[in-house]
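**Student:** Here it is, the structure in full.
The values are calculated or read from the model by the stated rules, or taken from the named source; none is laboratory data. Source: prediction; values computed, not measured. Because the Cβ atoms are built from the backbone with ideal geometry, glycine has one as well, and the counts that use them run over all protein chains shown. We work out accessible area using only protein heavy atoms, side chains counted, and drop any ligands, DNA or RNA first. Shrake-Rupley method; radii C 1.70, N 1.55, O 1.52, S 1.80 Å.
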Amino acid sequence: MPPTAHEITIRNLPNTVDQVASSPLFDRYTVQTRERVILYDGTDGNAFRQAWRDGFYRPLSNDEQSFMESELADLADLHQRFTPDVTDAAGLIRRLREGLMFDAFEDMPVERHPQPREPKGTPCGGQWTH
């Protein structure tokens, strides 16, 4: 299975949950965490959908963040030792790191640095020195 298969599945989960919640084929819904905590158990498709979203999109706890950082460091080390030429794996590790960094710094203000402008008269795409 390619490394991207899991990402594709995760990307499609919100749509899948919407389809399940709207389907007449289901008469009961349960949302459960990996720790087996029941977030919702009932017959209301909208409540099921909301409970799933609340659980899926919640920020990681500090313990979860630390665990993921440790696991990712181990994964990166194993990749470097055994599969350094597998670009799909390297890309997946990069995307996981970006995701963790985004989660870790989500509430921090973004510092903006003004970029210098090219002097007037410089052609588009031209380079200038100072």
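**Student:** What whole-number value in Å² describes the accessible area per residue of region 1-49 for a 1.4 Å probe?
**Tutor:** 76 Å²
**Student:** Would you work out what percent of the accessible area of region 1-78, with all protein chains in place, is carbon or sulfur (probe 1.4 Å)?
**Tutor:** 54 percent
**Student:** Evaluate the distance, in nm, between pseudo-label points positioned 7 Å from the Cα of Gln50 and of Phe67 along their respective Cα→Cβ axes.
**Tutor:** Here the answer is 2.8 nm between the modelled labels.
**Student:** Name the trypsin sites (Lys or Arg not before Pro) in region 1-37 that are in a loop by DSSP and that have at most 12 other C-beta atoms within 10 Å, would you?
**Tutor:** Those that pass, being in a loop and sparsely packed, are Arg28, Arg34, Arg36.
**Student:** Between Thr16 and Arg95, what FRET efficiency follows from the Cβ-Cβ distance if R0 is 22 Å, with the result rounded to 0.05?
**Tutor:** With a Förster radius of 22 Å, E is 0.60.
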